[in-house]
Amino acid sequence: MQVVADFGVDGQFLAQLASQSAGGLLARLDFPAGKFPFERVAGIATALADEDSVSFFNDGCDDQHSGIIEARMHSERLLDHFKNPRNSGTLEPPAMKIDVSNPACGDMLRLWVRFEGDQVAEARFQTRGCTASIAACSALTEWMTGKSRAELRGLTASVIEDALGGLEPASKHAAVLCVDGVKRLLG
């Protein structure tokens, strides 16, 4: 079994896991072809932090869904921000641009903000990350538009969580990424 050797995967473990519910997902991984069931939602575009264009993720399996998104208990508001991100893109100078990342999970945020006086006039983002991070960055830009610098300083992770209708414990890092971005912006 070459796949096992190439990826350091224990074949017996995979066989045992395949009979369990989580094993169904692992059983569909096609290591040699490089095809994996990524989180797929039709029409989702994720802007990469190091690119000006938007990249579409598509694993080529239009007849199957990974079930990753459906298996999680995401709120309707979070899914709406994920499926229909607000304020994605870039802003030209004099907008400020910052980059932050979460080294633990690899999520990245590039945030542009244009101030008029003390108020946020416009905010745009690009992100690379999980469903919750994409949604959180979208919610962040909506929340911060019209806010003063003093109000921005008051941002906490719970504000982002509330804007998304809650985050499951494994996704709370997404709200922290947003807070880190605003802290760097205000530097």
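Only the coordinates and a few stated rules stand behind these numbers; no lab work does. These numbers come from a predicted model, not from an experiment. Positions of Cβ are generated from backbone atoms using ideal geometry, with glycine treated the same way; all protein chains shown enter the neighbour counts.
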* Structure fact -> The exposure ranking of 80, 118, fewest beta-carbon neighbours within 10 Å first, is 118, 80
* Beyond 19 Å, what percent of the Cα pairs of the range 77-186 remain? -> 35 percent
* Structure fact -> Once Lys and Arg are counted +1 and Asp and Glu -1 for all other residues with Cβ under 10 Å from that of residue 101, the total becomes -1
* **Least to most buried among 161, 116 (fewest other Cβ within 10 Å first)** => 116, 161
* To do: Using DSSP, restrict attention to beta bridges with both residues in the range 77-186 and report what percent are antiparallel, rounded to the nearest 5.
  => 95 percent
* To do: Using a 10 Å cut-off on Cβ atoms, rank the peptides 140-147, 107-114 from the highest mean neighbour count down.
  => 107-114, 140-147
* What ranking do 177, 152 get, fewest neighbouring Cβ atoms within 10 angstrom at the top? -> 152, 177
* Asked: Across the range 117-132, in residue order, what do the Karplus-derived ³J(HN,Hα) couplings come to in whole Hz, using 6.51 cos²θ - 1.76 cosθ + 1.60 with θ = phi - 60° and x for Gly and Pro?
  -> x, 9, 9, 6, 8, 8, 9, 9, 9, 10, 9, 10, x, 7, 3, 5
